[in-house]
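Here's the structure, in structure tokens; my notes come after.
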Amino acid sequence: MTVESGIVMNFINSRKFSCAICGIGCLIAIISFFFLPNIIPTHFVGGVADGFGNKIQIFLFPALQMLLTFLSGKEKIKYYMTHSKRFLTDNQFQWMIGGVLIIVMMAEVWVIYSSFA
């Protein structure tokens, strides 16, 4: 393992990675807000939008990311998640939280993309 890959893995296995994903999600929402139409899709069935809302709702995705990042740092929640039915190491826990945050960010990007399609 090289020094560079060790630095990257230490970053991914820390809360800094979760905070970075959350920051990227906030940046995407802020930048896209100025370009979005007033009505954006909020619900999809089979890839087709069937629910719509105001463009301010794009900030629900970063709010959810911030909430997940905040709650994942609480010791009681972290203990419960790592000691439930399947024991998780700290690295596995951070990968799980990072994965969920990336899924939320992908949903945010999908809503932004669908607003212009």
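The values are calculated or read from the model by the stated rules, or taken from the named source; none is laboratory data. Computed from a predicted structure; not experimentally measured. Heads up, the Cβs are rebuilt from the backbone with ideal geometry, glycines too, and the neighbour counts pull from every protein chain shown.
Given the residues Ile58, Ile39, which is the only one that is surrounded by 14 or more Cβ atoms within 10 Å (Cβ to Cβ) and among the β-branched types (Val, Ile, Thr)? Lay out the reasoning, then the answer.
Details: Ile39 fails: surrounded by 14 or more Cβ atoms within 10 Å (Cβ to Cβ).
Going through Ile58, Ile39 in turn, the sole match is Ile58.
Hey, among the residues in the range 63-117 that are outside any helix (DSSP H, G or I) and among the hydroxyl-bearing types (Ser, Thr, Tyr), which one's farthest from Val45 (Cα to Cα)?
Thr89
Please give the number of the condition Ser72 fails out of (1) farther than 19 Å from Ser115 by Cβ; (2) at pLDDT 85 or above.
Against the list (1) farther than 19 Å from Ser115 by Cβ; (2) at pLDDT 85 or above, Ser72 comes up short only on (2).
Which numbered condition trips up Lys55, out of (1) within 27 Å of Ile30 (Cβ to Cβ); (2) within 18 Å of the chain's Cα centre (by Cα); (3) among the basic types (Lys, Arg)?
Condition (2) is where Lys55 drops out.
Cβ-Cβ under 9 Å, sequence separation 6+ or interchain: first residue in the range 97-117 and touching a residue at least 12 places away in the same chain (Cβ under 8 Å), partner basic (Lys, Arg) and surrounded by fewer than 17 Cβ atoms within 10 Å (Cβ to Cβ). Which pairs?
Matching pairs, first to second residue: Ile97/Arg15.
Out of the residues in the range 70-117 that are touching a strand residue (DSSP E or B) at 6+ places or on another chain (Cβ under 9 Å) and hydroxyl-bearing (Ser, Thr, Tyr), state the one that is surrounded by the fewest Cβ atoms within 10 Å (Cβ to Cβ).
Restricting to residues being touching a strand residue (DSSP E or B) at 6+ places or on another chain (Cβ under 9 Å) and hydroxyl-bearing (Ser, Thr, Tyr), the top hit is Ser114.
Please specify each residue of the range 39-52 satisfying the condition of being closer than 17 Å to Val109 by Cβ and part of a strand (DSSP E or B).
Those that are closer than 17 Å to Val109 by Cβ and part of a strand (DSSP E or B): Ile40, Pro41, Thr42, His43, Phe44, Ala49.
I'm trying to understand the selection: among the residues of the range 1-45, which are aliphatic (A, V, I, L, M), within 22 Å of Gly98 (Cβ to Cβ) and in contact with a Phe, Trp or Tyr (Cβ under 9 Å, 6 or more places away or on another chain)?
Ile12, Ala20, Ile28, Ala29, Ile30
Could you list, in sequence order, the residues of the range 89-117 that are under 19 Å from Ile28 (Cβ atoms) and over 9 Å from the mean Cα position of the chain (by Cα)?
Result: Val109, Trp110, Val111, Ile112, Tyr113, Ser114, Ser115, Phe116, Ala117.
Exactly one condition in (1) in contact with a helix residue (DSSP H, G or I) (Cβ under 6 Å, 6 or more places away or on another chain); (2) part of a helix (DSSP H, G or I) is false for Leu36; which is it?
(2) is the only condition that Leu36 fails.
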